[in-house]
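Note sheet for the following structure.
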């Protein structure tokens with residue numbers, strides 16, 4: 001092709017891209033012109049700000065919150081505007097809205113790019129969510145002995161500490177393995193939950209989903225299908241999952257067909273709970289294996305980050321170790337290791353909750369507007385818009401928390417001591433000013449399992465180890481990426497085994 005022709009085609013292509021981009025920008029910006037903007041609203045400058053959002057998103061949200069607290073503002077993202085809201089009235093409006101008005105499922109699917117990274121059936125037919133919400137939660141007491149046993153075994157295998165010296169432990173990497181093993185003790189059982197190839201699959205799938213979703217979201221909407229198809233590793237991961245879980249799944253399918261759901265010696269795990277509910281195509285091995293991977297992703301990623309933050313906070317604020325250790329020792333001596341005894345550890349619960357209050361991301365409770373939605377304060381958001389709550393800003397608002405920027409490990413334990421407040425301030429409780437698990441019917445369905453796991457791990461560490469930072473250093477700085485608060489994944493903490 002002659003050079004002049006090539007230049008002409010490139011110029012025409014660039015013009016076409018700019019023309020389509022301009023039309024999209026004008027259409028979406030016009031619809032949201034009544035919502036104030038943080039940053040620039042220009043067709044090119046808004047894209048520059050969208051790039052800035054990846055690193056400084058939490059600062060942009062904080063700026064909007066300070067200026068428009070209790071109302072709404074918008075921030076630019078690569079393929080959309082994100083409308084950010086705050087204030088109890090607007091959050092309550094989101095809580096009360098129907099799925100036909102505000103869709104949690106579609107918002108998460110687009111932001112996490114789950115159709116490419118996990119599979120479209122997770123969005124179209126999320127029957128596994130109800131299983132996490134009910135059978136998993138209902139069986140926590142019954143399965144607690146297994147959970148505790150796997151935490152014990154995992155730390156013994158992975159944290160090779162002694163009582164006569166300090167051992168350096170890469171926290172994030174190690175905790176992911178502990179969390180993955182502990183979750184799979186309940187999901188698939190022994191011995192698969194300790195199979196190194198299976199665990200590597202689950203851990204890598206988790207990282208692939210996170211990284212892939214972030215990369216896809218860096219492209220405009222028109223390019224996402226192309227990038228998504230290039231990045232997705234779902235088919236290959238499902239094949240590997242079937243290799244490991246297929247025999248267990250097929251055995252339970254055969255037993256279910258032959259002896260029914262009420263059979264004796266039926267395993268009490270995620271596999272059996274899925275098969276209890278699965279119908280038709282849901283009973284195919286590929287679909288069941290994908291559900292296992294999906295639940296593993298949700299259970300592994302967030303809990304790993306949360307406990308990494310908790311360990312960093314424990315090493316940063318050693319003054320909380322003795323009172324929490326005393327609480328754990330006293331309760332275990334009186335009640336033993338049970339879910340109920342862990343539930344009674346109010347100081348441990350408070351420390352976990354305070355850690356998550358400070359480490360929460362900038363945007364939570366995300367929704368996609370399905371049809372024009374008017375908040376109780378009169379602000380209308382047009383269909384197709386994405387919205388979210390400025391959670392970190394709410395957690396750092398002195399109107400909600402006294403000295404919000406100061407870590408107070410027993411903040412919530414002290415609040416629980418007030419008359420009639422015991423249930424309102426525990427970690428699993430939902431409120432309009434604490435957004436870690438969301439609120440309403442779309443609140444995190446696995447929060448009871450996650451909190452029980454986090455508290456049991458913390459109690460176990462308190463009883464069995466002393467910890468500190470290398471060279472008596474300070475807490476590793478959190479990373480912020482597109483309003484997500486991420487604990488330093490490379491930092492190490494020193495562990496020393498406590499004398500029995």
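Classify the range 317-378 as rounded, prolate or oblate, taking a ≥ b ≥ c as the square roots of the eigenvalues of its Cα gyration tensor: rounded when a/c is under 1.5, otherwise prolate if a/b is larger than b/c and oblate if not. Let's see the in-between values first.
Numbers: a/c = 4.49, a/b = 2.54, b/c = 1.77.
Since a/c reaches 1.5 and a/b is larger than b/c, the shape of the range 317-378 is classed as prolate.
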Quick one: go through the range 324-351 and flag any residue whose amide nitrogen is under 18 Å from the point 7 Å out along the Cα-to-Cβ line of residue 152.
328-343
Quick calc: nm separation of the 7 Å Cα→Cβ label points for residue 464 and residue 196 -> 2.0
Going by alpha carbons, how many degrees (0 to 90, nearest 10) lie between the helix axis of 234-259 and the longest principal axis of the chain?
50
0 to 90° range, to nearest 10: angle between helix 45-68 axis and the chain longest Cα axis
70
Please say if the range 409-500 is rounded, prolate or oblate, where rounded means a/c under 1.5 for a ≥ b ≥ c the square roots of the C-alpha gyration tensor eigenvalues, and otherwise the choice is prolate for a/b larger than b/c and oblate otherwise?
oblate
The range 273-387 shape via C-alpha gyration tensor axes, a/c threshold 1.5
oblate
Dividing the helical contributions, -39500 (n - 2.57) per DSSP H run of n ≥ 4, by the residues of the chain yields a 222 nm value, nearest 500 deg cm²/dmol, of -18000 deg cm²/dmol
Would you kindly state how much longer the chain becomes between residue 472 and residue 322 on full extension, computed as 0.36 nm times their sequence separation minus their alpha carbon distance, in nm to one decimal?
52.1 nm
Sort 103-112, 422-431 by packing, meaning the average of other beta carbons within 10 Å per residue, with the highest value first.
103-112, 422-431
Read-out Kirkwood radius over Cα pairs in Å, candidates (1) 24.4; (2) 22.8; (3) 25.3; calculated match is (1)
What do you get for the angle between helix 196-216 and the principal long axis of the chain? Use alpha-carbon atoms, 0 to 90 degrees, nearest ten.
30
If you average the sequence gap of Cα pairs under 8 Å that are 6 or more apart and divide by the length of the chain, what percent do you get for the contact order?
24
Using only Cα atoms, locate the centre of the range 336-370 and the centre of the range 480-500, then give the distance between them in Å, rounded to an integer.
17
Antiparallel as a % of all DSSP beta bridges within the chain, to the nearest 5?
85
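FYI, it's all coordinate maths here, none of it is from the lab. Keep in mind that what you see is a predicted model, and the values were worked out from it rather than measured. Here the Cβ is made from the backbone with ideal geometry for all residues, glycine too, and neighbour counts use every protein chain on show.
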